[in-house]
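One structure is given below, encoded as structure tokens.
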Amino acid sequence: MDKKMLTIDLNSHVLLDKAERDGVETMYDRKLEMKAQCGFGLQGNCCRICGMGPCRITPKTPRGLCGADQHVIVGRNFARMVAAGTAAHSDHARDLAHTLALTSANGNYQIRDEKKLIGLAQEWDVETEGRDIYDIAHEVADIALMEFGKPHGTLKFLKNAPAPRQQIWKDYKIEPRAIDREIATIMHSTHIGCTGDIDSLIHMCLRTGMADGWGGSMIGTRISDIVFGTPTVRQTEANLGVLEENKVNILLHGHEPTLSEMIVLASEDPELVALAKEMGADGINLAGMCCTGNEVTMRHGVRIAGDFHQQELAIITGAVEAVVVDVQCIFPALAKVADCYHTKFVTTSPKAKITGSTYIEFCEETALADAKSIVREAVLNFKNRDKSKVLIPELKSSATVGYSIEAIIPQLDRVVNSHIDPAGTVKPLVDCLKSGVLRGAAAIVGCNNAKGVSNEAHLHIMKELIKNDIIVVTTGCGAQTAAKFGLLEKSAAKKYAGKGLATVCELVDIPPVLHMGSCVDISRILELVAACANHLDMDMCDIPAVGIAPEWMSEKAIAIGCYVVASGVDTYLGIMPPVAGSDKAVQILTEGLQDKVGATFTVNENPKELAATIIADIEKKRVHFEKLVEEKMAVPAEA
């Protein structure tokens, strides 16, 4: 099989050929060499939780040594994925809360969005009148940190959901308590000799996933906006063609903006820019990858080099002086690839040390100084670049990014009749859904997965939905697919969207696919759906909106799926999770949860079939939605 059949990205094709010429192994080589994957792992019915195992379930051995059947084993494994995913997002948020506690008027980190801080403080009953903004910030930080380990009560952000949704959570007993408590509860409950019931395990998965979406991720997004600024609409470019032959190229990869924001600041330092010119470069060029790429493009317009599957290929261009990483989604293989070129692979977090990297620990207390040291290392490395090894692919696409909720609302205000309706609400979006001009809304999120063709499922499903007047919002590597293939350009509406969506895009001046940020920023999407439901006095499950992860691969995505479903939003996966070994687990996730939370999972690994299913399901949901709208419109007339 030709490696190039594993991706539809043409820049990647160019660099896979170069990698072969250079004798460099990539993920694509390892995929072909691996051939068949472990069947027990794919089914989720191999248990290695205790020292008596591993125990593998077969027709001849239907139970493990402790007596756990396939349902319990699959459920335990799935639950531990949810716990890990929730831990990753929430530890990200914890670090940001610590950063908020370090803010000061003259410090490395300052308050960039005072309005958002005041809003959060008031939401959390913090006194703001007559107080210094940093005193307020530090109290808010302490409250945020208590959300991880408070001894009593449930998470604060739950009250932002529509009242019917809050009641469902209460009745089903999935209101998350402290974030760390839910993670610890799953880890304890999946220890040998604890939970042996698949229904209970799935129940815990929903509650722990909720601790991510309505806890860690939401805290992380809010604090990022407060400290680094709420994203605004801006232009950028995407794909490996954003690397520059005559500049020092620094690739920012990972997830936490505490590092990348400081690197952006350091790269603009006049002394370092002058040093780059002394080294023979024209300047310093930053490029982002994965969710760090989304963070810095939303706030600074830093161009996007690529997605999860392109991290090795960026180095193979031979034009990258340093890859600077923090946590999550970083290939350990980057160290070996970097050794084949002049690139410095710089790890910065004690949570993500990698053998063979250059480790420069990044501390928030000395953030700018640390960032300058890292940038200096990259600049000094420019002289070691071997021009004979440089090949930067030409393709890149323009993109419009930065669609936080605060940026979306002003776009909607463009069509508000100020004589009738107030500005600053989601009413124009709701009106388009009610009228059927927009048939629905879809959040397409998540990763890239080598089980499929890279970018193919994301791109096909996005194009099919917008063609059928379903507006798309996107985060993570899915957003980078949209950027690379031109779907974040405003002109894409005329080219790809149906008549209704194209009209909306023209009137409010937006592309048909809205870039809303990194994977933690899916919490923005939750809040947007909740705002629409609250405006209509409905539940979130009543809105014709869906969540889709066509190429998911990380445990974070499993946690996300659980909190999206628990929030009443049907969720569609393009890769089968490791649960097929239990027909009970499959039944609960794809059918049983409907009666509990009003939403379920649907899985189909064929992108064309999955897109068709999503469109049909949205149309079915519209029947219920339109009936509710009619009923609510009739109530005042009867009164």
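Read-outs: derived from the displayed coordinates by stated rules, not from any lab. Computed from a predicted structure; not experimentally measured. Cβ coordinates were reconstructed from backbone atoms using ideal geometry, including for glycine residues, and neighbour counts include every protein chain displayed.
General observations
- Förster radius 22 Å - calculated FRET efficiency between Q166 and D595 (Cβ-Cβ, nearest 0.05): 0.75
- In order along the stretch 73-85, the phi-based Karplus estimate (6.51 cos²θ - 1.76 cosθ + 1.60, θ = phi - 60°) of 3J(HN,Hα) comes to 5, 4, x, 4, 5, 5, 4, 5, 5, 4, 4, 5, x Hz; Gly and Pro are listed as x.
- Taking 7 Å steps out from each Cα toward its Cβ at K4 and K451 produces label points 2.8 nm apart.
- Approximating the spin labels as points 7 Å out from Cα along Cα→Cβ, the K620-to-K495 distance works out to 3.4 nm.
- Charge dipole (Cα centre; +1 on Lys/Arg Cβ, -1 on Asp/Glu Cβ; no other charges) of the chain amounts to roughly 1560 debye.
- Normalised alpha carbon radius of gyration of the stretch 440-552 [divisor 2.2 N^0.38 Å]: 1.03
- Considering all C-alpha pairs of the stretch 492-639, those separated by over 18 Å amount to 66%.
- Over the stretch 48-111, the hull volume per residue, using the convex hull of the C-alpha atoms, is 102 Å³.
- Near L438, the amide H atoms lying under 5 Å from its own belong to L433; only residues 5 or more places off or on other chains count, and H is placed 1.01 Å from N.
- Whether the stretch 41-181 is rounded, prolate or oblate, judged on the alpha carbon gyration tensor where a/c under 1.5 counts as rounded: prolate
- Diffusion constant of the stretch 370-491 at 37 °C, which comes from Stokes-Einstein with the Kirkwood Cα-pair radius and 0.692 mPa s, µm²/s: 182
- Phi-based couplings in Hz for the stretch 371-378 (Karplus 6.51, -1.76, 1.60; Gly and Pro marked x): 4, 5, 4, 5, 5, 4, 4, 5
- Between E394 and A335, the FRET efficiency from the beta-carbon distance, with R0 = 35 Å, is close to 0.80.
- In the stretch 20-75, GluC sites (Glu not before Pro) in a DSSP loop with at most 16 other beta-carbon atoms within 10 Å: E25
- Based on the Kirkwood approach, the hydrodynamic radius assigned to the stretch 348-388 is 11.7 Å, with every pair of different Cα atoms included.
- With R₀ fixed at 45 Å, the C-beta to C-beta distance from K115 to K60 puts the FRET efficiency at about 0.10.
- Max-minus-min Cα coordinates of the stretch 264-334 on each principal axis give 33, 28, 17 Å, with the largest extent listed first.
- Per-residue Karplus couplings for the stretch 579-596, computed as 6.51 cos²θ - 1.76 cosθ + 1.60 with θ equal to phi - 60°, are listed in order as 10, 5, x, 10, 5, 5, 4, 4, 5, 5, 5, 9, 9, x, 5, 4, 6, 8 Hz, Gly and Pro entered as x.
- 4 °C / 1.567 mPa s Stokes-Einstein diffusion coefficient of the stretch 137-247, Kirkwood radius on C-alpha pairs, µm²/s: 77
- Cα-only radius of gyration and Dmax that characterise the chain, units Å: 24.2, 79
- Principal semi-axes in Å for the stretch 342-415 [√(5λ), Cα gyration tensor, largest first]: 35, 23, 12
- Once the chain from K608 to D421 is taken as fully extended at 0.36 nm per residue, the excess over their C-alpha distance is 63.3 nm.
- Where labels lie 7 Å past Cα in the beta-carbon direction, separation of E365 and H188 in nm: 3.3
- Length added when fully stretched, E271-A634, from 0.36 nm per residue minus Cα-Cα: 123.9 nm
- Fully extended contour minus Cα-Cα distance, from M576 to D509, at 0.36 nm per residue: 20.4 nm
- Calculated [θ] (222 nm, deg cm²/dmol) that DSSP helices of n ≥ 4 give over the chain, each run adding -39,500 (n - 2.57): -15000 deg cm²/dmol
- Among the GluC sites (Glu not before Pro) in the stretch 352-407, those placed in a DSSP loop whose Cβ has at most 13 other Cβ atoms within 10 Å are E361, E394.
- Here the stretch 256-340 is assigned +1 on the Cβ of each Lys and Arg and -1 on the Cβ of each Asp and Glu. Its dipole about the Cα centre then comes out at about 220 debye.
- Peptides 184-196, 226-238, 580-592, ordered by how many other C-beta atoms sit within 10 Å of their residues on average, highest first, read 226-238, 580-592, 184-196.
- Under conditions of 37 °C and 0.692 mPa s, the stretch 194-281 yields 189 µm² s⁻¹ as its translational diffusion coefficient, taking Rh as the Kirkwood radius over Cα pairs in the Stokes-Einstein equation.
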